[in-house]
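J.: Take a look at the following structure, please.
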């Protein structure tokens, strides 16, 4: 979930990227003088570049899996809850329209019934007796047939409209039950998150300021859920791959002004990095430093962490870790402690995990 303490030369790339420089020098047979010069450069910080990543920094594999499960479960239940609420709103509007139409039809059918009660229905013999000619009889009969068809149509429409209203009410009741189910799921995932965090958290966190810009929303499914994605696009920060949603978050952060060093894909270890669903954002300008961020670097990290928190629902953020605090959608900011190094405690970089 982050950056390591040690530095490496910018020219060290590929499979040697995570190997200390002194080891590389010995392995390549450089002379004693070169070793001495490099050692002095390390002490003075000359030529310091991005630090190598620590595969297991920031917690155990079990902890990361528990955090991922709790956060993903919350996001999925929240999407289902929001979708159910949208369906309920549509059904409620539909029911209102149906009930208005039902009231009008009920009044019309009531008028027909009242008229029939007052005047009674004319029978064919009565029409024949009152008609002065066969043509008059047929005309009267046709008129009554039209009236009967009209009245029958109104009655059928009334019955159909009542059935439609009842179906809408049943559907609304089903959505209410679905919402209760998802609220229970949210509560369960929150308990799971708190249980997982108990091993590395001492309680609530204060959060951070800044980062007020709004990100462009990432694509969602028609029901509001996040589409399943694989590590399928090139990672612009490494030679690896990331998911399209992770790339979108990276691009949105850059567009918002967060342009310092970033490293996303990492083949080693567990967590989201090897899946292309995580990025580490250096607080320092030119790369990860093995020191706790202060001053402008700390302010940069504060703003970036808050930016991802504020745009979590737009981007699909799973969780954010920065400066001994972790943000999850179901817990908010909580205290978070690693092994004590700037990388493990995330005091030199902001860690972003994506759904």
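The values are calculated or read from the model by the stated rules, or taken from the named source; none is laboratory data. The model shown is predicted, which means the values in this text are computed figures rather than measured ones. We place every Cβ from the backbone using ideal geometry, glycine too, and count neighbours over all the protein chains shown.
J.: Which pairs turn up if I take residues in the stretch 289-315 that are buried (at least 19 other Cβ atoms within 10 Å of the Cβ) and look for partners that are assigned to a helix (DSSP H, G or I) with beta carbon separation below 6 Å, at least 6 apart in sequence or on another chain?
T.: 293/301; 315/249
J.: Given the condition touching a helix residue (DSSP H, G or I) at 6+ places or on another chain (Cβ under 7 Å), closer than 30 Å to residue 86 by Cβ, at pLDDT 95 or above and not in a loop (DSSP other than H, G, I, E, B), answer yes or no: does some residue in the stretch 255-263 qualify? If you could, list the steps in order and put the result at the bottom.
T.: The first filter runs over the stretch 255-263 and keeps only residues touching a helix residue (DSSP H, G or I) at 6+ places or on another chain (Cβ under 7 Å), leaving 256, 258, 260, 262.
Checking the rest, the ones that are also closer than 30 Å to residue 86 by Cβ come to 256.
Imposing the further condition that a residue be at pLDDT 95 or above reduces the set to 256.
Among the residues that remain, those that are also not in a loop (DSSP other than H, G, I, E, B) are: none.
Within the stretch 255-263 (the criterion being touching a helix residue (DSSP H, G or I) at 6+ places or on another chain (Cβ under 7 Å), closer than 30 Å to residue 86 by Cβ, at pLDDT 95 or above and not in a loop (DSSP other than H, G, I, E, B)), the answer is no, since none of the residues qualifies.
J.: Counting only residues that are assigned to a strand (DSSP E or B), modelled with pLDDT of 95 or more and surrounded by 24 or more Cβ atoms within 10 Å (Cβ to Cβ), how many does the stretch 328-352 have?
T.: First, the residues of the stretch 328-352 that are assigned to a strand (DSSP E or B): 328, 332-335, 349-352.
Keeping just the survivors that are modelled with pLDDT of 95 or more gives 333, 349-352.
Narrowing the set further to residues that are surrounded by 24 or more Cβ atoms within 10 Å (Cβ to Cβ) leaves 349-352.
Residues flagged as assigned to a strand (DSSP E or B), modelled with pLDDT of 95 or more and surrounded by 24 or more Cβ atoms within 10 Å (Cβ to Cβ) within the stretch 328-352 amount to 4.
J.: Let me ask something else about it. I'm trying to understand the selection: among the residues of the stretch 221-252, which are out of contact with any strand residue (DSSP E or B) (no Cβ under 7 Å at 6 or more places or on another chain), surrounded by 12 or more Cβ atoms within 10 Å (Cβ to Cβ) and in contact (Cβ under 8 Å) with a residue 60 or more places away in the chain?
T.: Hits for the stretch 221-252 are 223, 224, 225, 226, 248, 252.
J.: Let me ask another. Test residue 320 against the stated conditions and say whether it is free of Cβ contacts under 8 Å to residues at least 40 places away in the same chain, under 18 Å from residue 278 (Cβ atoms) and in contact with a helix residue (DSSP H, G or I) (Cβ under 8 Å, 6 or more places away or on another chain).
T.: On the way: free of Cβ contacts under 8 Å to residues at least 40 places away in the same chain: yes; under 18 Å from residue 278 (Cβ atoms): yes; in contact with a helix residue (DSSP H, G or I) (Cβ under 8 Å, 6 or more places away or on another chain): yes.
Yes.
J.: Could you tell me whether the stretch 144-167 includes any residue that is more than 16 Å from the chain's Cα centre (by Cα), under 19 Å from residue 72 (Cβ atoms), at pLDDT 85 or above and surrounded by 13 or more Cβ atoms within 10 Å (Cβ to Cβ)?
T.: No, the stretch 144-167 contains no residue that is more than 16 Å from the chain's Cα centre (by Cα), under 19 Å from residue 72 (Cβ atoms), at pLDDT 85 or above and surrounded by 13 or more Cβ atoms within 10 Å (Cβ to Cβ).
J.: Out of all the residues in the stretch 256-273, which are over 20 Å from the mean Cα position of the chain (by Cα) and touching a residue at least 12 places away in the same chain (Cβ under 8 Å)? Full working, then the answer.
T.: Pass one, the stretch 256-273, residues over 20 Å from the mean Cα position of the chain (by Cα): 257-263, 265-270.
Once the filter is applied, which keeps residues that are over 20 Å from the mean Cα position of the chain (by Cα) and touching a residue at least 12 places away in the same chain (Cβ under 8 Å), the stretch 256-273 yields 257, 258, 260, 261, 262, 263, 265, 266, 267, 268, 269, 270.
J.: Within the stretch 284-310, how many residues turn out to be in contact with a strand residue (DSSP E or B) (Cβ under 7 Å, 6 or more places away or on another chain), closer than 13 Å to residue 347 by Cβ and in a loop (DSSP other than H, G, I, E, B)? Please lay out each step first, then the result.
T.: Initially, the stretch 284-310 is screened for residues in contact with a strand residue (DSSP E or B) (Cβ under 7 Å, 6 or more places away or on another chain), giving 287-288, 290, 301, 304-305, 308-309.
With the extra rule that they be closer than 13 Å to residue 347 by Cβ, the set shrinks to 288, 290, 301, 305.
Right, trim to in a loop (DSSP other than H, G, I, E, B) and you get 288, 290.
Residues in the stretch 284-310 being in contact with a strand residue (DSSP E or B) (Cβ under 7 Å, 6 or more places away or on another chain), closer than 13 Å to residue 347 by Cβ and in a loop (DSSP other than H, G, I, E, B): 2 in total.
J.: Just wondering, is there one or more residues in the stretch 185-201 that are touching a residue at least 60 places away in the same chain (Cβ under 8 Å), surrounded by fewer than 14 Cβ atoms within 10 Å (Cβ to Cβ) and either outside any helix (DSSP H, G or I) or over 23 Å from the mean Cα position of the chain (by Cα) (or both)? Walk me through how you get there before you give the answer.
T.: Quick first cut of the stretch 185-201, residues touching a residue at least 60 places away in the same chain (Cβ under 8 Å) only: 185-186, 188-190, 192-197, 199-201.
Still in the list and also surrounded by fewer than 14 Cβ atoms within 10 Å (Cβ to Cβ): 195, 199.
The next check asks that each one be either outside any helix (DSSP H, G or I) or over 23 Å from the mean Cα position of the chain (by Cα) (or both); those that pass are 199.
Yes: one or more hits.
J.: Considering only the stretch 208-247, how many residues are under 24 Å from residue 326 (Cβ atoms) and part of a strand (DSSP E or B)?
T.: 1
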